[in-house]
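Take a look at the structure set out below.
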Amino acid sequence: MAKNILNVGGFSIIKRIGTGARSTIYMATDEQDKTKVALKRVIFERPEDSRIFEQVEAEYKVARRIDHPYVRKCYKLKKIRSMFKVKEMLLSMELFEARTLEDSPTLSLLDVLLVFRMVAGGLDAMHREGFVHCDIKPNNILLSKSGSIKIIDLGQSCKIGTTKQRIQGTPDYIAPEQVKRRPLGPKTDIFNLGATMYWALTGDNVPTLIPKKNNLGLTVPRALRAPHEMKKQIPLGVSKLVMDCVKDDPAQRPRDMLTVISRLDLMVHSILGGKKKSK
């Protein structure tokens, strides 16, 4: 058993660094070129695991099309078969030692804006290649000690214009068109990004079409308060951008990710300009 854990499919396991949906992430060495990688391992245990296999394959195919410093690269996908069936998948990825945004220390307003400016840049690169991420949330953004980021987990990504047969997404960040199973596009990522920004700024979640339930199992309708109403130190411009991003109607959201980046840049410059004046 120990040998199976330490050496898998041409990779030597160093240590476990995380877990995902039915997967385990290890730091490992690729024995072919001796490079250190992050290795996602998925083992088929029951029929529903086939969906996870599909997502791992999708992540590999999409990531291979994207070349951007803020989107984690995927290197190899290895399928291990038994009795002619794929029983295990190994996905080697760029090793990026960092915490998820959800587990990171509290950030200043400026740092939050800079992080989301980087995330928006990575998403824009995906959009230019014709893909949507579809699952931006705090757990899918890695933040290093140096302040750099990586967008991870492209398993739910799809081509722009795709209509999915089943609802996919994370309830606290999911866009209305994902729940209604309508065509997905860049504005889907804008909603997911806005919902993640809302959480980062307020500590609360945007009410989505997958409502929360109370202890009695009843759905609880919630009104959406603007971030500046919850935290007075949040500038109105920042609050308005977030609220624009999470509009139910995609047509009312910012036109594209470049528009989001432009508005974030204006706010960053405004804060930096204010700091210079106060010195």
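The values are calculated or read from the model by the stated rules, or taken from the named source; none is laboratory data. What you are looking at is a predicted structure, and each value in this text was computed from that prediction instead of being measured. Quick reminder, even Gly has a Cβ in these numbers, built from the backbone with ideal geometry, and neighbours come from all protein chains shown.
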Check your understanding: Looking at (1) part of a loop (DSSP other than H, G, I, E, B); (2) of a type outside the set (Gly, Ala, Ser); (3) within 21 Å of ILE17 (Cβ to Cβ), which is the only condition CYS134 fails?
Key -> (3)
**Study point:** Looking only at segment 29-63, and only at residues there that are surrounded by 13 or more Cβ atoms within 10 Å (Cβ to Cβ), more than 30 Å from ALA120 (Cα to Cα) and among the charged types (D, E, K, R), the one that is farthest from the chain's Cα centre (by Cα)
**Key:** ASP30
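This table checks each residue for (1) out of contact with any Ser or Thr (no Cβ under 9 Å at 6 or more places or on another chain); (2) among the hydroxyl-bearing types (Ser, Thr, Tyr).
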| position | (1), (2) |
| --- | --- |
| SER12 | no, yes |
| ALA21 | yes, no |
| ALA28 | no, no |
| LYS34 | yes, no |
Point to revise | Sole residue being within 13 Å of ASN192 (Cα to Cα) and β-branched (Val, Ile, Thr), chosen from ILE160, ILE141 | key: ILE141
Check your understanding: Would it be correct to say that LYS34 is among the basic types (Lys, Arg), touching a residue at least 24 places away in the same chain (Cβ under 8 Å) and either farther than 18 Å from SER157 by Cα or in the same structural domain as GLY130 (by TED's automatic domain parsing) (or both)?
Key -> no
Point to revise | One residue from ALA175, ALA195 being out of contact with any helix residue (DSSP H, G or I) (no Cβ under 7 Å at 6 or more places or on another chain), in contact (Cβ under 8 Å) with a residue 12 or more places away in the chain and buried (at least 23 other Cβ atoms within 10 Å of the Cβ) | key: ALA195
Check your understanding: For segment 102-112, does any single residue satisfy the condition of being among the small types (Gly, Ala, Ser), surrounded by fewer than 19 Cβ atoms within 10 Å (Cβ to Cβ), free of Cβ contacts under 8 Å to residues at least 24 places away in the same chain and outside the structural domain of ARG16 (by TED's automatic domain parsing)?
Key -> yes
Revision key, fill the gap. Within segment 242-271, the residues that are among the hydrophobic types (A, V, I, L, M, F, W, C) and farther than 13 Å from ASN192 by Cα are ALA251, LEU258, ILE261, LEU264, LEU266, MET267, VAL268, ILE271
Practice item. Please state which one of VAL220, VAL238 is β-branched (Val, Ile, Thr) and either at pLDDT 95 or above or not assigned by TED's automatic domain parsing to the domain that holds VAL119 (or both). Key: VAL238
Study note, to complete from the structure: Of (1) loosely packed, with under 15 Cβ neighbours inside 10 Å; (2) touching a helix residue (DSSP H, G or I) at 6+ places or on another chain (Cβ under 7 Å), ILE66 fails just (1)
Revision key, fill the gap. Only one of VAL242, VAL246, VAL206 is out of contact with any Gly (no Cβ under 6 Å at 6 or more places or on another chain) and β-branched (Val, Ile, Thr), namely VAL206
